[in-house]
Amino acid sequence: SEMDWDQIERNWKQAQQKIKRKWVRLTDADLNTIKGRRDRLEDTIHERYGFAADHISKEVDDWLRWQG
């Protein structure tokens, strides 16, 4: 079954490692600031990579789909 963002928030400690593998430019400090919030994750990916917001949103959706 497809994972939803609430599960990521609840299991943030485990999710951080997977997120770091996907977006390697994110630092531990970034992940501590994000604290499981999708909006903060997307903002931080934008800061580190410079991708357009719609691209980031789709990338996060795609990543989430593969976490199920």
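The label point for Ala53 and the one for Asn11, both projected 7 Å from the Cα toward the Cβ, are 3.0 nm apart.
Computed per residue of the chain from DSSP H runs no shorter than four, each worth -39500 (n - 2.57), the mean residue ellipticity at 222 nm is -21000 deg cm²/dmol.
Between the labelled values (1) 109; (2) 74; (3) 156, the entry that holds volume of the Cα convex hull per residue in Å³ as derived from this structure is (2).
Remark: accessible surface ordering of Asp43, Asp62, Asp30, Asp54 (largest first) is Asp54, Asp43, Asp62, Asp30, probe radius 1.4 Å.
Among Arg38, Arg21, Arg48, which one shows the highest mean-square fluctuation when the chain is modelled as a Gaussian network with alpha-carbon springs under 10 Å? Sorting by GNM fluctuation, first place goes to Arg21. Among the chymotrypsin sites (Phe, Trp or Tyr not before Pro) found in the chain, those both in a DSSP coil and sparsely packed, with 11 or fewer other Cβ atoms within 10 Å of their Cβ, are Trp66. Anyone know which of Ala53, Ala29, Ala15 comes out most mobile in the 10 Å Cα GNM of the chain? Per the Cα network of the chain with a 10 Å cutoff, Ala29 tops the list.
The values are calculated or read from the model by the stated rules, or taken from the named source; none is laboratory data. Remember, predicted model here, so these are calculated numbers, not experimental data. Reconstructed Cβ throughout: ideal geometry from the backbone, glycine too, with neighbour counts over all protein chains shown. Quick note on the areas: whole protein, heavy atoms, side chains included, nothing else; ligands and nucleic acids left out. Shrake-Rupley method; radii C 1.70, N 1.55, O 1.52, S 1.80 Å.
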